[in-house]
Every structure is written in C-alpha cells, then in structure tokens.
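Written below as structure tokens is the structure these notes are about.
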Amino acid sequence: QNLHWNMDTWPRAKLSTPQIAWHGREPVLSVDVSKLGVVATAGSDNEVRLWRISMPAREPSELFLFLQELSGHAKPVNAVRFSPDGETLASASDDTMIMLWREKCALDCPTK
C-alpha cells in the first residue's frame, strides 16, 4: 500500500528559534548537562557558566536560569564535562589549564 502525503493539508507546527546570549555575544564552545539538571557552558569569553533548566517555561528565554559564573581561565574555554556523579565539573582551556570545580558546600559542609 502506497501512502501519499498532501503537504497542503498537513498540520503546521509553530517553531521559534530563541536568541540566547549565554556568554555575551561570544560563541559557546561546549555544553554539558549533569544528572541533576545543571547545565554548564564554556565560552570564548574565558568563562564557565552554570545554568538550571527551568520547567515549565512560559517563554523560550525563560527556559534556563543563570546560577553562577566560574572564573579562572585566561583564554577561551573549549570543554566542560561533569563527572558521572555530577559533583565535579572539569573545564579545559586554551591556556593549557584543566580546572576541577566542586560546590564549596560539598567540601566544607558537615555530612548528616
């Protein structure tokens, strides 16, 4: 049996492309998502930024909530990766440095 699609009667989807300036106007070079839903971005602005996925979002621009900027690299950051447990973030830069980032509380807070 042959199926023929009539594109004139096919339902049209509304699509929009959000313009998000995650690192000012500098390119984002790497993105990783932790199992806890934290998004890390690496940029040409020498920074690592952390975001939280915000659901439900009324507008595409509200989908990501800025959490924190991690500074320390002297050149563009090319890669970010979370550890499998999501507690450590590694960033690698053109400055030849690999930095490991952890929440301060993960090191200083007493455990229950």
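If you rank 97, 55 by how much accessible surface each has, with a 1.4 Å probe, what is the order from largest down? Spell out each step's value before the answer.
Values: 97 95, 55 145 Å².
The residues order as 55, 97, largest area first.
Per residue of region 43-49, what does 6.51 cos²θ - 1.76 cosθ + 1.60 with θ = phi - 60° give for ³J(HN,Hα)? Whole Hz please, x for Gly and Pro, Karplus curve as stated.
Once θ is set to phi - 60°, the couplings for region 43-49 become x, 5, 8, 6, 10, 10, 10 Hz.
Quick one: how many Å² of residue 31 are accessible to a 1.4 Å probe, rounded to 10?
That residue has around 80 Å² of solvent-accessible surface.
Can you send over the solvent-accessible area of residue 98, 1.4 Å probe, protein chains only, in Å² to the nearest 10?
130
Quick one: 3J(HN,Hα) in Hz for region 23-31, Karplus 6.51/-1.76/1.60 with θ = phi - 60°, rounded, Gly and Pro as x.
10, x, 10, 7, x, 8, 9, 7, 9
Need one value: the accessible area of residue 94 in square angstrom, 1.4 angstrom probe, rounded to the nearest 10.
Number for this one is 80 Å².
The values are calculated or read from the model by the stated rules, or taken from the named source; none is laboratory data. None of the values given here were measured: they were computed from a predicted structure. The area values use the complete protein model at the heavy-atom level, side chains included, leaving out ligands, DNA and RNA. Shrake-Rupley method; radii C 1.70, N 1.55, O 1.52, S 1.80 Å.
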